[in-house]
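Have a look at the structure below before the remarks.
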Amino acid sequence: MKTVLLYALVAVVIALVTGPIPGSSLLLTGLETVMAFHIARRYGFHLDFGEISSVATAIFAASALLKLAVSTLLEFVPVLGWFIAKPAIAFLFVVMLGTVADRYFRDKRQVLSAAA
């Protein structure tokens, strides 16, 4: 869980620094993909390029939908949205994604260990 919190804090910093810059959420998507890869490796899985691409696409799709919904609401208060909401959303999304990835790879390893 320390790994997930570290990535979440880095996401907050990225979101704060790049708040009003359009398209900066791609940096967060990259960070989230690296985090998922790092979690997979911690559990002994070495993802190939196709798996990494699938993870990145899923992360991008989920985050795009969430960010679209939230950014539409935050257009009414841009400064608040850029410097408070965007970092908060980045933190929460990375924690959520990291928790899901951690549980997925932990359970997958247990299933494979039990089958062996």
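Here, each number is a calculation from the coordinates, and none is a lab measurement. Note that the structure is a prediction, hence the values are computed from the model and not measured. With ideal geometry, Cβ positions are generated from the backbone for all residues, glycine too; neighbour counts draw on all protein chains shown.
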### Task
With no solvent and one equal point scatterer placed on each C-alpha of the chain, evaluate the Debye formula and give log10 I(q)/I(0) for q = 0.19 Å⁻¹, two decimals.
-0.96
### Task
Quick one: net charge around His38, please, counting Lys, Arg +1 and Asp, Glu -1 for every other residue with C-beta under 11 Å from its C-beta.
0
### Query
Given the options Val12, Val77, Val95, which has the most mean-square fluctuation in a GNM of the chain, springs set between C-alpha atoms less than 10 angstrom apart?
Val77
### Task
Once you have the Cα-Cα distance between Phe49 and Ser24, take 0.36 nm times their residue separation minus that, and quote the gain in nm to one decimal.
6.7 nm
### Degrees, to the nearest 10: 2-17 long Cα axis against longest axis of the chain
20
### Message
For the chain, set up a GNM with springs between Cα atoms under 10 Å and report which of Gly30, Gly44, Gly81 has the largest fluctuation.
### Response
Gly44
### Task
With a point put 7 Å past each Cα toward its Cβ, work out how far Leu112 is from Val100 in nm, to one decimal.
2.1
### Per-residue [θ]222 nm for the chain (sum of -39500 (n - 2.57) over DSSP H runs n ≥ 4, rounded to 500)
-27000 deg cm²/dmol
## Note on the structure
Per-residue Cβ contact counts at 10 Å, fewest first, order Lys2, Lys86, Lys108 as Lys2, Lys108, Lys86
### Task
Compute the relative contact order of segment 1-71 as a whole-number percentage, counting only Cα pairs closer than 8 Å that sit 6 or more residues apart in sequence.
27
## Note on the structure
Diffing segment 82-93: the Karplus 3J(HN,Hα) column from phi (6.51, -1.76, 1.60, θ = phi - 60°), in whole Hz with x for Gly and Pro, holds 6, 10, 10, 5, 4, x, 5, 5, 4, 4, 5, 5
